[in-house]
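What follows is a single structure, written as structure tokens, with notes after it.
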Amino acid sequence: MERLYFSEEHKMLQEMVRDFAKNEVAPIAQEIDEKGAFPHDTIKKMGELGLMGIPWSEEYGGTGMDLTAQCIAIEEIAKVCVSTAATMMAHTSLGTAPIYMFGTEEQKRKYIPKLASGEMLGAFGLTEPDAGSDAANTQTRAVLTGNEYVVNGRKAFCTNAGFAGVIIFTAVLVEDGEDKGISAFLVDAGTDGLSFDPPEKKMGWRASDTRSVYFDNMRIPKENVLGDPSGGFKQFLRTLTSGRITIGALSIGTAAGAYELALKYSVEREAFGKAINRFQGVSFTLADMATRIQASRHLVYHAAWLKDNNFPVIKEAAMGKLFASETAMWVTTQAIQVHGGYGYIKEYDVERFFRDAKVLEIGEGTSEVQRIIISREILKGINAA
Ligand SMILES: Cc1cc2nc3c(=O)[nH]c(=O)nc-3n(C[C@H](O)[C@H](O)[C@H](O)COP(=O)(O)OP(=O)(O)OC[C@H]3O[C@@H](n4cnc5c(N)ncnc54)[C@H](O)[C@@H]3O)c2cc1C
């Protein structure tokens, strides 16, 4: 598979990130999960290595690679710490990509170099208490008043929000008392009227930052609307399409990390006088795990390749996200089973992967939403006839 999609440059990146993950991320993964501690130092080091801006051109301070490279890095970090990979994924795919794809030249120059170097963290607030899957039900409003927008509303579950230097958020743009539809806006940390809840106490992704964001008569300059104000809804749909490919990569890493632990344990653990992988009941489970992970890789890296080569990718991105995230949940469940009772104990890393997997079936569109997208794409034109 790697021969199909990975260039020499991709393979070098993979090796570099694998080393970094092993030496810098793995040793603290268990501890930051237990403490729910955000890994500031690791993120700083990742910025220094160019891992916080992989797909952006060098002109804007990025590494000048592509989405495939981004997926490779996410997968490698997730194999040892899903929380750290999720932070990097949300920062890049959600907290920076909309500026890179839709921002004005001025917005790009102002934010992307800082985001790409990791000096600044990005976040993306789309979900609201009453607008999750139904994102079009956004209640946050940005009312144009002179040269400013006055924003009121609330965003839920915003990853990185507490430590972000800039938050991209969606709101209904109101002009002359008229709703103009949903647009995306930028707000800098420290702006009056912007506030946060403490971080959510989560089942998994415990070392990532997730919290509610409040806009209370928050005033932002008119130029903080992201790119073309009339394109907001389309912008975030496009953002989510490529975001789904990267959450697919996060899912592969989650599954692969748990699989590797199960494989190792199956060699070390003996029952009835032999290694447990000598029992077909266990070796077949390992075979199914490896097969589903490989199938996920084909779907997700194919979607990344399509995106990198400017082909339509809505269906393939949703398929990759759906299959890889459900694979991650299935593989991590089986990995616990291979560990027997020890898999249920926190001392064993596999327990963390199991908890980290569940949200992959929820964030950036639930599995049900992915099925809606895929069925809509495959039935397009058929039902209309
Ligand atoms: C750890 C974490 C991090 C997150 N990070 C971010 C972030 O950075 N930015 C952001 O904007 N959001 C973020 N989210 C929010 C996430 O994207 C939403 O939780 C998700 O989109 C689902 O929305 P909801 O929770 O409101 O569920 P709901 O939309 O209320 O869905 C509840 C259930 O109903 C089902 N359902 C809803 N509509 C349909 C339908 N039409 N057909 C069939 N089933 C349906 C869903 O599939 C789900 O099973 C994050 C969430 C978590 C838990």
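Quick notes on this structure:
- Per-region count, the stretch 68-116, residues of a type outside the set (D, E, K, R), away from the ligand (no atom under 16 Å from the Cβ) and part of a helix (DSSP H, G or I): 15
- If the condition is being within 30 Å of SER367 (Cβ to Cβ) and of a type in the set (A, V, I, L, M), then the stretch 133-184 contributes ALA135, ALA136, ALA156, ALA161, ALA164, ILE167, ILE168, ALA171, VAL172, ILE182, ALA184.
- Scanning the stretch 357-385 for residues that are among the charged types (D, E, K, R) and more than 10 Å from the ligand (Cβ to nearest atom) yields ARG376, GLU377, LYS380.
- Put simply, of GLY227, GLY231, GLY243 the only residue that is surrounded by 22 or more Cβ atoms within 10 Å (Cβ to Cβ) and not in a strand (DSSP E or B) is GLY243.
- The strands (runs of 3 or more DSSP E) located wholly in the stretch 158-218 that include 2 or more residues which are more than 10 Å from the ligand (Cβ to nearest atom) and closer than 25 Å to SER83 by Cα occupy 178-188, 194-196.
- Residue match in the stretch 66-75 (condition: surrounded by fewer than 22 Cβ atoms within 10 Å (Cβ to Cβ) and either closer than 18 Å to ILE220 by Cα or not assigned by TED's automatic domain parsing to the domain that holds ARG297 (or both)): yes
- Selection count, the stretch 308-337, where residues are surrounded by fewer than 24 Cβ atoms within 10 Å (Cβ to Cβ) and either part of a helix (DSSP H, G or I) or touching an Asp or Glu at 6+ places or on another chain (Cβ under 6 Å) (or both): 12
- Of the set (1) in a loop (DSSP other than H, G, I, E, B); (2) without any contact (Cβ under 8 Å) to a residue 40 or more places away in the chain; (3) away from the ligand (no atom under 16 Å from the Cβ), all apply to GLU119 but (2).
- All positions within the stretch 5-19 that are in contact (Cβ under 8 Å) with a residue 40 or more places away in the chain and not β-branched (Val, Ile, Thr): TYR5, PHE6, GLU9, HIS10, LEU13, GLN14, ARG18
- Residue list for the stretch 253-276, restricted to those being within 17 Å of TYR348 (Cβ to Cβ), in a helix (DSSP H, G or I) and not hydrophobic (A, V, I, L, M, F, W, C): THR254, GLY257, TYR259, GLU260, LYS264, TYR265, SER266, GLU268
- Among (1) in contact (Cβ under 8 Å) with a residue 60 or more places away in the chain; (2) outside any helix (DSSP H, G or I); (3) farther than 16 Å from LEU261 by Cα; (4) more than 16 Å from the ligand (Cβ to nearest atom), the one test that LYS346 misses: (3)
- Of all residues in the stretch 26-53, those that are in a helix (DSSP H, G or I) and either more than 19 Å from THR246 (Cα to Cα) or without any contact (Cβ under 8 Å) to a residue 40 or more places away in the chain (or both) total 16.
- Selected residue (criterion: surrounded by the most Cβ atoms within 10 Å (Cβ to Cβ)) from residues of the stretch 123-144 that are touching a residue at least 40 places away in the same chain (Cβ under 8 Å) and more than 10 Å from the ligand (Cβ to nearest atom): ALA142
- Test: residue in the stretch 361-380 that is outside any helix (DSSP H, G or I), modelled with pLDDT under 95, out of contact with any Gly (no Cβ under 9 Å at 6 or more places or on another chain) and more than 29 Å from ARG211 (Cα to Cα): yes
The values are calculated or read from the model by the stated rules, or taken from the named source; none is laboratory data. For clarity, every value in this text was computed on a predicted model and none was experimentally measured. Reconstructed Cβ throughout: ideal geometry from the backbone, glycine too, with neighbour counts over all protein chains shown.
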